[in-house]
Amino acid sequence: MGGFMTFWVGGKYPDLVCAAGNFCGSPEFVIGPKDFPVEYRHIDMYKNYGGMKIRLNFGDEDFIRAYHRDMNRIFPYIMDNYEYGIYEAAHSTCGLGEMFTFIMKTFENPPKKPEKWHHIDVYPDFSVWGYDVSSDRNLPGFTILENVNDRGLRSSVREFLPDGELMPYVTMSVTTAPIYGKEKEYVINDINVTKRNSKSYRVRSEKDGRLKIIVDGYQHDIGINEVGDDPNLSVGSFQIVNMNWAAPLKNVDISVDIVNKGDSPADDVNIELTATRDNVTVIKGKSVVGTFNKNEIKKAELPFTFYIKADSTEVAQFRLRITDNGNREWVDYIEVPIRVDAHEFMNFKVADGLKYTVALAGTTKTTQVLGIGNGDGIANPGESIVILVNSPGDNFYRQTGLYTSDIYINPNGIHHRMSDNWAKFDHVGGSEKISVPVISSECPDNHTVEFFSEYWLPDYPDHVIKRGKVAVNITGKDTTPPQIQWIKVNGNNVLEVKVFDGGTISYVTAKLHYKKSNFTEYPHDDFSISLNDDGIDGDIIKGDTVFSIRIPDQKFGLFTADIETKDSYGNRGVKTFPDVFYVH
């Protein structure tokens, strides 16, 4: 698929490519490492195109055009280096002359390397802009680098984009370009934005002026400083504070967290927020932080307020200018999703372990168990639910994508979703994303959660996106045991089990069953072992809900495992993993 690969190759190698022209390309495919590929959507990868220009040409009768329109509701509002052309054509190389003009003009005046660059990669190891990144990730995911320059970077690893669950159990090594003093000592300030803590340590550069920095998969803001270096401020995160999500035609209040990853404090820090497009009116655009110590995360004292002018807007981009009394200036950008919530879906079902007939790939149907819980159709604490909407005229349900900022949904950073690929319907490769939110065990009785919800309807070759609100009442108590996502045994005899729950996980144990084989001549007894999430004895990161244990050394043997879990409410579950693994 040449159009898809054009944007893929350009985004993968922005340091080698200055222009990419895409004719009618598919928006999404499964791509990446053979053993753990990901669903890769161009719409999520806009930050990869710094230092180049890209163009999309498509026809108004192209069978992929609905996906192109999806992209054009996002890219023009957040990218200055994107352009597109729509032609009276079907699926073809329409606008060939204009595309070559675009390419040649870019060659004549190629964009400069960004002062701060960003990159997202699906491979555990990659190189870009002179930086080499490697990791031990052997699961599907995205390695994310942001705000990279000679003063530092931001890093994280996520299961999916844009807001998938973080993967803290991944260890990542970032080797910088050779831009530092040779064999010189630098102060590394590591601010863990996710856990809201920090540490400082010193690293000596290599003979060629490179620095090596080791981080886990949480979101980290890394400052690279000489001793006593100036402050270095940037946006750590933002939150909508007066509503569940930013909606159009309303005054939206947004709060911003700032980090100082430099090696000196900053005084009299001020922030000015402006919109980069005229689809937004900024009502309150100034705030202060005051005195700001190094390695500190600090919230702006007052929220900013903005107003989205049209209900068709799906994203708003803002420029944040940060200054201090030393006449220093830092500039950052944020992109805020805008969710149109005017309509409320009233005819919906809560799937919590119930079997339902639902749409599949647009026009076909399937009957399956959805959600995890007691199967009574009522949302209870501790359950993982799927919201099903009955569209007018259907005798079945459609699964939905969901968003909420409610504190009782997806505790501790949990974020799960499924995909419904529509290739059998529209022959494209795009997929509808289905949310599976986890309800906190601490959710109070009769608490109502308001979700932003969306689902797709088929209208060949288009998919029509329906959006609105769903109000879900949560009652009862947690009766759902912890759930297991995956199990692995690595070559060092470390057994790892990824577990999630709406509350606190009390214990995880494994009973290993010996499996007789022609390849093993030593008989083994079955044995049980307790796993921990304390960062010791084979466990990598404390508190990441990956329970691990280093199995004692023994003679080679093949095993299967039964995993038992229990939460603080006494809910117990056992799951058998029949896949054979070896220990030694």
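Before moving on, here are some points about what is shown:
- Phi angles of region 45-61 translate, via the Karplus equation with coefficients 6.51, -1.76, 1.60 and θ = phi - 60°, into HN-Hα couplings of 10, 4, 6, 6, 9, x, x, 8, 10, 10, 9, 10, 10, 8, x, 6, 10 Hz per residue; Gly and Pro are given as x.
- Derived scalar couplings between HN and Hα for region 475-490 equal 9, x, 10, 6, 10, 9, x, x, 10, 9, 8, 7, 9, 9, 10, 8 Hz in order, rounded to whole Hz, by the Karplus curve 6.51 cos²θ - 1.76 cosθ + 1.60 (θ = phi - 60°), x for Gly and Pro.
- Working from Cα pairs under 8 Å separated by at least six residues, relative contact order for region 473-516 is 31 percent.
- Net charge over other residues, Cβ less than 12 angstrom from the Cβ of residue 327 (K, R count +1; D, E count -1): -4
- Selection from 31, 94, 19 lying farthest towards where the dipole of region 17-130 points positive, charges on Cβ: 19
- Each peptide in 360-369, 532-541, 10-19 receives the mean, over its residues, of other Cβ atoms within 10 Å, and ordering these scores from highest gives 10-19, 532-541, 360-369.
- Of all accessible heavy-atom area on the chain, the percent that carbon and sulfur account for (1.4 Å): 49 percent
- Solvent-accessible area per residue for the chain (1.4 angstrom probe, square angstrom): 44 Å²
- Scalar couplings 3J(HN,Hα) for region 65-82, obtained by applying the Karplus form with A = 6.51, B = -1.76, C = 1.60 to θ = phi - 60°, are 4, 4, 5, 5, 5, 4, 5, 6, 7, 10, 4, x, 8, 9, 10, 8, 10, 10 Hz; x denotes Gly and Pro.
- For residue 263, the residues whose amide H sits under 5 Å from its own are 229, 230, 232, ignoring neighbours fewer than 5 places away on the same chain, with H placed 1.01 Å from N.
- Close amide-amide hydrogen proximity is noted between residue 338 and 315, 316, each under 5 Å apart and 5 or more residues distant or on a separate chain (H modeled in the peptide plane; Pro and chain starts excluded).
- Environment charge at residue 299 (Cβ cut-off 14 Å; Lys +1, Arg +1, Asp -1, Glu -1): -2
- Alpha-carbon Rg with Dmax, taken over the chain, Å: 25.3, 76
- Net lengthening on full extension, residue 525/residue 488 (0.36 nm per residue, minus Cα-Cα): 11.2 nm
- Extension gain, residue 288 back to residue 251 (0.36 nm per residue minus Cα-Cα distance, nm): 11.3 nm
- Inter-site label distance for residue 327 and residue 35 at 7 Å from Cα along Cβ, in nm: 5.7 nm
- For residue 73, nonlocal amide neighbours, meaning residues 5 or more places apart or on other chains whose placed amide H falls under 5 Å from its own, do not occur.
- Using a Förster distance of 45 Å, the FRET efficiency for residue 312-residue 184 (Cβ separation, nearest 0.05): 0.30
- Here the Kirkwood formula, the inverse mean of 1/r across different C-alpha pairs, assigns region 509-584 a hydrodynamic radius of 13.7 Å.
- Taking packing as the residue-averaged number of other Cβ atoms within 10 angstrom, the listed peptides 306-314, 250-258 run from highest to lowest as 250-258, 306-314.
- Potential extension, residue 197-residue 113 segment - 0.36 nm per residue separation minus Cα distance: 27.0 nm
- Evaluated over the Cα positions of region 109-218, the convex hull gives a direction-averaged projected area, one quarter of its surface, of 7.7 nm².
- For region 430-448 versus region 132-187, the inter-centroid distance based on Cα atoms is 30 Å.
- Of 112/286; 116/298; 299/566; 116/433; 53/116, pairs whose Cα-Cα distance is over 27 Å: 112/286; 299/566; 116/433
The values are calculated or read from the model by the stated rules, or taken from the named source; none is laboratory data. From a predicted model like this one, the values you see are computed outputs, not experimental measurements. Positions of Cβ are backbone-derived with ideal geometry, glycine not excepted, and every protein chain shown enters the neighbour counts. These accessible areas exclude ligands, DNA and RNA; they are computed on the full protein's heavy atoms, side chains included. Shrake-Rupley method; radii C 1.70, N 1.55, O 1.52, S 1.80 Å.
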